[in-house]
Amino acid sequence: MDRRPFIGVSTYLVDASWSDWRSRRVALVPERYTAYVRDSGGIAVLLPPDAPERAPEVLARLDALVIAGGPDIDPAYYGRPRHPLTDVDSPERDVWETALVRAALAAGMPMLGICRGMQVLNVVCGGTLVQHLPDVVSPDVHAGSPGRYGAHSVRPVPGTLLGGLLPESELVVPTFHHQAVDRLGDGLRVSAHAPDGTVEAVEGPGFALGVQWHPEQGEDLRVMQALVRAATAARTVPLEAVPLEAVSG
């Protein structure tokens, strides 16, 4: 029996409060990511930060990888001093996600980086980041407002993977970021721009795609549906159905 592909989604550690519990350390990711995977035909598997050497073992159990959005990656990873407005507060996430991306690239696993995830992909490939976009583009249309996503247009590059998935010359996307690609990483190419020239998507060999916007916050499933298709095509050993009596005790 065939199955829907397992899509690993990176999570992060924060202090949260709920019910009778206060300031408990939790691993979480916004529910829109898991809904995005589910609505596109995949099964989301949450990946809390772990030891980097375990990344290949984790990915061996999955069919594709999503690196979610979030705070800025430490600029030490690309050899730059920290900008005063760089938001670095997730060292365990930096270690884990860079290990996941390296392992996925080495294995040729289909991968999608969203916002921060695209930046991690670029940094892992040797690229650098603009640490605060308002320093180089004006007006700033990329960041939205506190607690709310913004929207702006992007222009996919014809002839790229993304250009094939989104063939329109321009489309409006949900956005919330203040950093972007500066020097492009080795083996990557740009596959979308904003009208102000900001890099909005990059891609590498196979299905290694990063988008600077937040597709999980909108209704357009095409990018994730393509990842699910790529994961299904790449899977060589389908999971066999397990008889109910084997697991019912």
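Any read-out appearing in this document is the output of simple, stated calculations on the displayed coordinates, not a laboratory observation. Only a predicted model underlies this, so the values are computations on that prediction, with no experimental measurement involved. A quick note on method: Cβ atoms are made from the backbone with ideal geometry, for glycine too, and the neighbour counts reach across all protein chains shown.
Residues with amide H under 5 Å of residue 180's amide H, sequence separation 5 or more or different chain, H placed in the peptide plane at 1.01 Å from N; which?
Close amide H contacts, sequence-distant or interchain: 130.
According to the Kirkwood expression over distinct Cα-Cα pairs, how big is the hydrodynamic radius of the chain, in Å?
For the chain, the Kirkwood estimate is 18.6 Å.
Taking every pair of alpha-carbon atoms in segment 43-190, give the share separated by more than 27 Å as a whole percent.
So the portion of pairs separated by more than 27 Å is 24 percent.
To check you understand DSSP bridge types, tell me what percent of the beta bridges within the chain (both residues inside) are antiparallel, rounded to 5.
Within the chain, antiparallel bridges account for around 60 percent of the total.
For segment 75-81, in order, what is each residue's ³J(HN,Hα) by Karplus, 6.51 cos²θ - 1.76 cosθ + 1.60 with θ = phi - 60°, in whole Hz (x at glycine and Pro)?
x, 4, 5, 10, x, 10, x
Counting Lys and Arg as +1 and Asp and Glu as -1, what is the net charge of the other residues whose Cβ lies under 13 Å from the Cβ of residue 18?
Net of charged neighbours comes to +1.
Quick one: grab the alpha carbon gyration tensor of segment 1-130, order the square roots of its eigenvalues as a ≥ b ≥ c, and give me rounded if a/c is under 1.5, else prolate or oblate depending on whether a/b is larger than b/c.
It is oblate, given that a/c is not under 1.5 and a/b is not larger than b/c.
If each DSSP helix of 4+ residues adds -39,500 (n - 2.57) and the sum is divided by the residues in the chain, what number results at 222 nm, nearest 500 deg cm²/dmol?
Counting only the DSSP helices, I get -7000 deg cm²/dmol.
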